[in-house]
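Peer 1: Next up is a structure, given as structure tokens.
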Amino acid sequence: MFVVAVAQLGQALAHDLSVSGLAKFTGLFIPVWYAWFHHTLYADRFDADNFAHRFLTFIQMLGVAGIAANVHGAFGETSQAFADSFVIVKLVMIVLYRRCYHIEVALPLARRLSSVFFVSGSLWLASLFVSTPGRFWLWALAVVFEFVVVFHRSTRMKYAVMPLTESHVVERFGLFTIIVLGESVAGIVSGLTEVQFQLETTAIGALGVMLVFGYWWIYFENLDGSALKGLGGWTPVFWLYVHLPLVMSLTVLGISIEHLVSEGSAHPEPSIIALTAGAFSVSLFAIGVTHVVVSVKKPETLNPQKSRWRISSAILVILIGLLIYSIEGTGLLLMALLSVVSFGQVLGELFVLNEESGHAEDQMQEL
């Protein structure tokens, strides 16, 4: 259901690709993703196969459905309904964590998070009685409050007492990512169906799918939960939270490629060039950060060169965007160059980085 809300956010951005539209998209995407984030971590630690848990999950999904249904007008006519939906989501999280009070080892964490959701939920509730734009400032305050408290060392130490199941969390984050990638491909296909057949348009669509495929390859080829060990430190925090810009940029990337497909042979607007290159660059940088934290935590599982490869490629993508803008290049040229970068990541995995990793493993075994 959270992915439905993300899809609706993507559609809203597709209808307003201005700076203002991107700012609204970002402002709404963060609380939606953060709600999914907290639900995911709770489910990993305290998931229970009983009626009460299923009923509360159902109520929470109703809240998320309300978020998805009202996200298009969240800064306008449906802002009250949007806030109402978040109040429901926060209320369910409070009840879920209070139900864990009987677990002695989980009590400090459950108390802290139920208090956090009580305060943030109260801010969302209070926003219903405040006119705009004050209502939106209260939303921002609620999100910032959650981030600050959860990032605080005392909260991270409480998280450390209740370690995550690495394989489960990695699977959940990977599932969210692959669904977002799938929506990107669906958007490209949808763009192709809405325009008359042209070779250049079809080529842009094919290159877009190729770009997404390359990203899918390098993400899942290196998906590793080693960084989640020791939740009191910073490496798990970076691994978890870097998925916010990762999935947000992938959503923007899918929308921008769909727009390039619809434009066909026309020269893309500077805003579309910036969105496409910027989103792809951020996504590469984010995956590079995941590589860094994994290689720091467990260097034998991931070649440190991979993080440098991703971050260098992120910089290259920005340069490509500037080049296309300066020479007034076509959308086809932009997608061709970005797809080369994406597929270059795959070739690097197959023929360069894995061989270096294997050589490093041989040296470790010799020692």
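Each value in this text was obtained by applying a stated rule to the coordinates, not by laboratory testing. Quantities reported herein were computed from a predicted structural model and do not represent experimental measurements. Note that we place each Cβ from the backbone using ideal geometry, even for glycine, and neighbour counts take in every protein chain shown.
Peer 1: How many percent of all Cα-Cα pairs in the chain sit more than 35 Å apart?
Peer 2: Roughly 29 percent, rounded to a whole number.
Peer 1: Using Cα pairs under 8 angstrom and six or more residues apart, how large is the relative contact order of the chain, in percent?
Peer 2: Contact order relative to length: 15 percent.
Peer 1: Roughly how many debye, to the nearest 20, is the charge dipole of the chain about its Cα centre, given +1 on each Lys and Arg Cβ, -1 on each Asp and Glu Cβ, and no other charges?
Peer 2: It comes to approximately 1600 debye.
Peer 1: Given the DSSP H assignment, sum -39500 (n - 2.57) over each helix run of at least 4 residues in the chain and divide by its residue total; what's the result at 222 nm in deg cm²/dmol, nearest 500?
Peer 2: That calculation yields -27000 deg cm²/dmol at 222 nm.
Peer 1: Take the eigenvalues of the Cα gyration tensor for segment 107-194, scale each by 5, and report the square roots as semi-axes in whole Å, largest first.
Peer 2: 32, 26, 9
Peer 1: Please list, by residue number, everything in segment 330-347 whose backbone N is under 11 Å from a paramagnetic label point 7 Å out along Cα→Cβ of Phe213.
Peer 2: 343
Peer 1: Give or take rounding to whole Å, what are the principal axis extents of the alpha carbon atoms in segment 138-253, in descending order?
Peer 2: Over segment 138-253, Cα extents along the principal axes are 58, 38, 17 Å.
Peer 1: So for each of 56-66, 236-246 I average, over its residues, the number of other beta carbons within 10 Å; can you give me the resulting order with the highest mean first?
Peer 2: With the highest mean Cβ count within 10 Å placed first, the list reads 236-246, 56-66.
Peer 1: State, to one decimal in nm, how far the label point of Ser312 lies from the label point of Glu194, with both points 7 Å from Cα in the Cβ direction.
Peer 2: Result for the modelled spin labels: 3.9 nm.
Peer 1: Once you charge only the Cβ atoms, +1 for Lys and Arg and -1 for Asp and Glu, what is the size of the charge dipole of segment 2-161 about its Cα centre, to the nearest 20 debye?
Peer 2: The dipole of segment 2-161 has a size of about 500 debye.
Peer 1: Same structure, new question: For Glu183, Glu258, what ranking results if the residue with the fewest other Cβ atoms within 10 Å of its Cβ goes first?
Peer 2: Ascending number of Cβ neighbours within 10 Å: Glu183, Glu258.
Peer 1: At 20 angstrom or more along the helix axis (alpha-carbon based) and mean Kyte-Doolittle of 0.0 or higher, what helices does the chain contain? Whole DSSP H runs only.
Peer 2: Membrane-span-like by this criterion, though nothing is claimed about a membrane: 19-46, 51-70, 79-98, 107-126, 134-151, 166-193, 199-221, 243-263, 270-297, 305-327, 331-348.
Peer 1: Can I ask one more? Once the Cα gyration tensor of segment 185-225 is diagonalised, what are the square roots of 5 times its eigenvalues, in whole Å and ordered largest first, as equivalent ellipsoid semi-axes?
Peer 2: So the equivalent ellipsoid measures 28, 10, 4 Å along its semi-axes.
Peer 1: How far apart, in nm, are two points set 7 Å out from the Cα along the Cα-to-Cβ line at Ala81 and at Ala160?
Peer 2: Each label point is offset 7 Å from its Cα along the Cβ direction, giving 4.6 nm.
Peer 1: Still on this structure, I have one more. Among Ser167, Val92, Met248, whose Cα lies farthest out toward the positive end of the dipole of the chain, if unit charges sit on the beta carbon of Lys, Arg (+1) and Asp, Glu (-1)?
Peer 2: Result: Val92, furthest along the dipole toward the positive end.
Peer 1: Here's a follow-up. Using 1/(1 + (r/R0)^6) with R0 = 25 angstrom and r between the beta carbons of Phe220 and His15, what's the FRET efficiency to the nearest 0.05?
Peer 2: Between Phe220 and His15 the formula returns 0.20.
Peer 1: Only Cα pairs under 8 Å and at least 6 apart count here; give the relative contact order of segment 51-210 as a rounded whole percent.
Peer 2: Relative CO of segment 51-210 lands at 15 percent.
Peer 1: Provide Rg and Dmax in Å for segment 2-161, with only Cα atoms included in the calculation.
Peer 2: When restricted to the Cα atoms of segment 2-161, Rg and Dmax are 15.9, 51 Å.
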